[in-house]
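Data first, discussion second: the structure below is written as structure tokens.
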Amino acid sequence: MTDDHMINPRRRAARVSHLALCTAISLAGSYLATTPPALAQAGAEATRDFAIPAQPLAAALLEFSHRSGFQVFAEQRLVEGHRSARVEGTMTPQAALTRLLAPSGLGYRETGEDVLAIVDPRLDLPGGGPEAGMLLPPIQVTLPRGGSAGRGFQGASDSIYETAASVSEVSRETMTSARVRHANDLLDDVAGVYTADNPQDPGVNINLRGLQDQSRIATSIDGVRQNFQLSGHGSTGYVYLDPSMFRSVHVDKTVTAGPGAAASLGGQVDFRTLGADDLIAEGEVQGGQVIVSTGTNAYDFAGSAFWARRLSDQVAVTAGISRRRLGDYDIGHDGDIDGYFGPISEPADYTSSETLSGLAKIELTPDDDQALTLSWLGFSGDYGTGTGQYIDTNETTNHTLRAGYSYDPASPLLDLNAELWANRTRVDQYRPPRTNYGAFDVSYQMMSYGVSLDNTSALRLAGRPLSLRYGIEAFQDNTETRSTGSDPTDDPQGAWYAGTMPQGTREVASAFATADYQLADRFGLQMGLRRDSYDLSGTALIYDESAQDYDEEQIRSSGARWLPSARLTFEPGPDLDLWLSYSEGYRPPAIMEVAASGTHIGSGGQFYIPNPDLRPETSRTWEIGANYTRDDALRPGDSLRLKAVAFSREVEDYVSLWYTSNYRYTNMNSEGASTFDGIELEAAYDTGGFFIGGTYSWMDADIDTSYTMTQVIAGMEFTVDAEGGLFVYMPPEQKATLEAGVRLLGDRLTLGTRVTWASDSVYGGSAGYQSDVSGFTVYDLFGSYALSDRAMVNFGVENVTDLAYADVLGNPNYGAPGRTFTLSLDTRF
């Protein structure tokens, strides 16, 4: 059996069978009629509620079959390249299918009881013989596998361009390409998304529209929150993962009234792991994928292997392993980079790392209505951090456990989803001796647990469809820091390490509801409301001058807030969607913000002061956007995908680390509002033989860093208006990516080029480490060649001109890799 995945990486597809729900699409014999006959009498007389969006015709027919109960069969060549009309309202299946097929010019006919076949009235097909109406064996129809390798930019599926919201997607094709050296590279080309790059740390730190760190962006793996934070001289929030483990990355740039958005200020990023459907071809019982990559400039090795098997119709298992080994790379030679302490040299010291990851998943489908998924994802990484002679060695592990259950019976009132999960991230660090104190072994850990439950009910109001989604979610974060020194007299109270990473617990609970109503044929209204609450406690270390020792003090904080949201949609035509939306976000403070205490490593006294009065951050976001999706736009067989968004966000009570007095620091809320206004564009055009696409982001960010400082001098209290918080990162005003290429030799050979441009940004490290990051223009080349239906070679050249530069929000003390040649082999079995 052939595998289209290897023939065309931009149209990587999976054979989708829906026979269990009577939705396989297949050619049905020879047909005569050119007008649709009546459906089976019982089916034609009954009306049903339909709410099927405009989408690729094959997917629309699958949804129609599920809603109507009819088997629908069609030849692949008939439906390929066509899009359906939007179908909304109460009507007979006959009327719904007629409306669905209208843009394509196709018709249908009955071939058996509750069985329909899609036909083309324009074809001169024979009829009248005994074979007329005969149902032939199914011919598989290809659809995007796992939502990846669609016709959007970076392989985004059509659903991204049919969703009236600022959402983006990165496909597996992009994630497994050899150019992904670091996890940060996954999101470099997404509009409005940036990464605070630390090339020494293999974790990914996501900045979305100017917001990052302290869980301002809800980052998750299969819906499992990744809330780990680690205090230092740079970014605090890192997610540890291997890009090979995932089928897609989904980005939502606003806070929604749905699961996964609790305690979020600016949006959600969800990494979605591979499953059996991504690896097993239709008609097979098992399948797999092996990818091996290497390159120049210390890109030593990256390899992954995945296997899946269907043990029965009800049970499927998936397993995978991945390993990466990277060395200290050379920066570019064209130009200079000024680091903290002068021009930086090469290689970029201690940018090497070794990581090992594993995936195990069991998918159970006891019947057509239920599904249960049990999964584990593990990560282990060894790497060094620091400069000069003081290099700390780190061993980081991240384990994610999830149980997900869904129940979707025929009842329109039930579409139930339940999640139960746990995550543990731990960094074990060895710090060699310094000049004034000995070596230390330090362990930083966060253990999180969570649960969510939501249901969707399809109703009718005034004759029009109304969808209600409602549910709850809750999670708990538990932090712990342990340190052991080689000299017992060094930091006997543990104030050096547990001070800025205090032990504590944060509990978050949320209830939410969303109503989606079709106001008219072209107008829709969505109203949402969620209630977020939190309760936090942390152990602060307070220095007692008289006893020359630290006392433990429990710091508590709690709060709650109602968060409304609304979205108005308008569909001027079948290819264009417009929307206007408003949403609010609420980010409770983190444990390390409220209870920060103790002293700086190597010193004494009270360097950090806890702040139990720290207020949660709140956000208000307005958006106006448009989607344009059209096939056969300029020529037969081409596709055009476009998403454009303008937004304005205001954040109150922004939290950052501020200097108080007497060399003391504490986390405080800003006095004024922080504003983030921008425009984002994403587009892709594909003719099959030629493709071009890209993204553009413009943002005007003004993060308020004003605060009021109180000082006591000679027994008198003074209030001073001050300016300047630490760890404030400013993305570039503009960034853009343009990608174009051709497919040759029957789509077996792909050749392309990529241009990435960014204006200046600000790397917001601690005092003495803040610096401007200069803008840049970087050129890459990439390509692939299909050796067979199951084997492909990917190749590329990153930073073709060998430019010396630091990434957007990157650490300028290291710089980005110089010219790098990469080669990978991707095989399926």
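Against the definition (within 21 Å of P202 (Cα to Cα), open to solvent by 20 Å² or more (accessible area, probe 1.4 Å) and part of a strand (DSSP E or B)), how does A305 come out, yes or no? So A305 passes the test.
When the residues of region 235-279 are filtered to those that are over 25 Å from K643 (Cα atoms), small (G, A, S) and surrounded by 24 or more Cβ atoms within 10 Å (Cβ to Cβ), which remaining residue is nearest to the chain's Cα centre (by Cα)?
S244
In region 173-195, the residue that is surrounded by the most Cβ atoms within 10 Å (Cβ to Cβ) out of those that are over 16 Å from the mean Cα position of the chain (by Cα) and of a type outside the set (S, T, Y) is A178.
When region 60-84 is examined, which residues are found to be more than 28 Å from A462 (Cα to Cα) and not in a helix (DSSP H, G or I)? Explain how you work it out, then say what you get.
Within region 60-84, the first condition is being more than 28 Å from A462 (Cα to Cα), and the residues that meet it are 71-83.
Residues satisfying the conditions are Q71, V72, F73, A74, E75, E80, G81, H82, R83.
Mind listing whichever residues of region 207-229 are within 19 Å of T355 (Cα to Cα) and either in contact with a Leu (Cβ under 7 Å, 6 or more places away or on another chain) or aliphatic (A, V, I, L, M) (or both)? Within region 207-229, I221 is the sole residue that qualifies.
Restricted to region 622-681, the set of strands (runs of 3 or more DSSP E) holding at least 2 residues that are without any contact (Cβ under 8 Å) to a residue 40 or more places away in the chain and open to solvent by 40 Å² or more (accessible area, probe 1.4 Å) comprises 639-652. The residues of region 475-490 that are open to solvent by less than 30 Å² (accessible area, probe 1.4 Å), more than 30 Å from S533 (Cβ to Cβ) and in a strand (DSSP E or B) amount to a single one, G485. Note on region 794-807: residues that are at pLDDT below 90 and open to solvent by 20 Å² or more (accessible area, probe 1.4 Å) total 1. Count of region 85-108 residues, restricted to those that are outside any strand (DSSP E or B), out of contact with any Pro (no Cβ under 7 Å at 6 or more places or on another chain) and open to solvent by less than 50 Å² (accessible area, probe 1.4 Å), is 10. Screening A348 on (1) closer than 30 Å to A804 by Cα; (2) within 25 Å of the chain's Cα centre (by Cα); (3) open to solvent by less than 60 Å² (accessible area, probe 1.4 Å) shows it passes everything except condition (2).
Looking at region 368-377, which of its residues are assigned to a strand (DSSP E or B) and farther than 20 Å from P243 by Cβ? Once the filter is applied, which keeps residues that are assigned to a strand (DSSP E or B) and farther than 20 Å from P243 by Cβ, region 368-377 yields Q370, A371, L372, T373, L374.
Applying the criterion of at least 1 residues that are in contact with a helix residue (DSSP H, G or I) (Cβ under 8 Å, 6 or more places away or on another chain) to the strands (runs of 3 or more DSSP E) found wholly in region 208-285 leaves 246-252, 268-273. Pairs meeting the criteria (first residue in region 349-378 and free of Cβ contacts under 8 Å to residues at least 60 places away in the same chain, second residue acidic (D, E) and surrounded by fewer than 17 Cβ atoms within 10 Å (Cβ to Cβ), beta carbons under 7 Å, at least 6 apart or on different chains) are E354/D382; D369/D408.
Across region 728-753, the qualifying residues are those that are in a strand (DSSP E or B) and touching a residue at least 60 places away in the same chain (Cβ under 8 Å), and the one among them that is most open to solvent (accessible area, probe 1.4 Å) is M730.
Collect the residues in region 778-828 that are hydroxyl-bearing (S, T, Y), out of contact with any Lys or Arg (no Cβ under 9 Å at 6 or more places or on another chain) and in a loop (DSSP other than H, G, I, E, B), keeping them in residue-number order. Within region 778-828, Y805, Y814 meet the criteria. In the set (1) open to solvent by 10 Å² or more (accessible area, probe 1.4 Å); (2) in contact (Cβ under 8 Å) with a residue 60 or more places away in the chain, the condition left unmet by G585 is number (1).
Residues checked against (1) out of contact with any Ser or Thr (no Cβ under 7 Å at 6 or more places or on another chain); (2) at pLDDT below 95; (3) not aliphatic (A, V, I, L, M):
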{"site": "M446", "(1), (2), (3)": "no, no, no"}
{"site": "V451", "(1), (2), (3)": "yes, no, no"}
{"site": "S486", "(1), (2), (3)": "yes, yes, yes"}
{"site": "S558", "(1), (2), (3)": "yes, no, yes"}
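The values are calculated or read from the model by the stated rules, or taken from the named source; none is laboratory data. As the structure is a computational prediction, the values presented were derived from the model and not from experiment. Here the Cβ is made from the backbone with ideal geometry for all residues, glycine too, and neighbour counts use every protein chain on show. Surface accessibility is based on the protein's heavy atoms, side chains included, excluding ligands, DNA and RNA. Shrake-Rupley method; radii C 1.70, N 1.55, O 1.52, S 1.80 Å.
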